[in-house]
1. Using the per-residue mean of other Cβ atoms lying within 10 Å as a proxy for protection, in what order, highest first, do the peptides 24-37, 123-136 fall?
2. [x] 15.8, 47; [y] 19.3, 59; [z] 17.3, 53: which one is Rg and Dmax of the Cα atoms in Å as calculated from this entry?
3. Using alpha carbons only, how many degrees (0 to 90, rounded to 10) separate the axis of helix 43-53 from the longest principal axis of the chain?
4. Which of the lysines could be linked to LYS163 by a straight reach, that is with a Cα gap under 24 Å, when you skip same-chain ones fewer than 8 residues away?
5. Heavy-atom accessible area of LYS121 with all protein chains present, probe 1.4 Å, nearest 10 Å²?
6. With everything on Cα atoms, drop me the angle between helix 88-97 and the longest principal axis of the chain, reported from 0 to 90° to the nearest 10.
7. Give a quick list of GluC sites (Glu not before Pro) in the range 54-119 that DSSP marks as loop, anything other than H, G, I, E or B, with at most 10 other Cβ atoms within 10 Å.
8. Output the 0 to 90 degree angle, nearest 10, between the alpha-carbon long axis of helix 176-188 and the longest principal axis computed from the alpha carbons of the chain.
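The values are calculated or read from the model by the stated rules, or taken from the named source; none is laboratory data. All values derive from a computational prediction rather than experimental measurement. Here Cβ is always computed from backbone atoms with ideal geometry, including for glycine, and neighbour counts include all displayed protein chains. Surface areas here come from the heavy atoms of the whole protein model, side chains and all, with no ligands, DNA or RNA. Shrake-Rupley method; radii C 1.70, N 1.55, O 1.52, S 1.80 Å.
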Amino acid sequence: MKLLIVGANGTIGKAVVEEMKDTAEIIQASRSNSTIQVDITSTASIQHMFEEVGEIDALVCTAGAAHFGTVEELTPELNRIAVESKLLGQVNLVLLGLPYIRDKGSITLITGILMDDPIVKGASSAMANGGVRAFVTSSAIELPRGIRINSVSPNMLEESKEKYGPFFEGYEPVPAQRVALAFRKSILGAQTGQSYTVY
């Protein structure tokens, strides 16, 4: 199996690499410090990545930025960070990547708990998460050649508690390794159109 992980340098990306390293040939892609460099806000960069990588059996994305701030201070420009990165960036990975994914391959995108369990300053991120989940659910019934698509919705990570803990008061963090198991389920399982929540 040839597996492309976009966002491989992040906390979840590294956990997915560790989880899948004995099962697949892994190609790691990130904005920097990676075998393949890609900016998911640029369709040209995404297209170049797929041309460089060639055919794959599975595509995973653990990347996507969003601005955290109150709705009152949120501007169209700040909101566009989540739109262009976490939402359209991931959707464009699917649209441009489909020709490179082999028959009966899989796609796994990332969302997050905020779309279902909101926090203050998380509206922009929640919007992008919800959009990705809706795209996954809807596109699953149309994808060609037996290709499956799912998304993973993690809680705050144990590894990120120090940085993001003040935003997530009362939340019980989860280890990145548990989140990686949800990606493994999507990559190697048989389900499609699902959102795997990791609480």
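1. 123-136, 24-37
2. The value computed from this structure is option [x].
3. The helix 43-53 is inclined about 40 degrees to the chain.
4. Correct list for LYS163: LYS14, LYS86, LYS121.
5. In the full protein context, LYS121 sits at about 90 Å².
6. 0
7. GLU72, GLU73
8. The angle comes out near 40 degrees.
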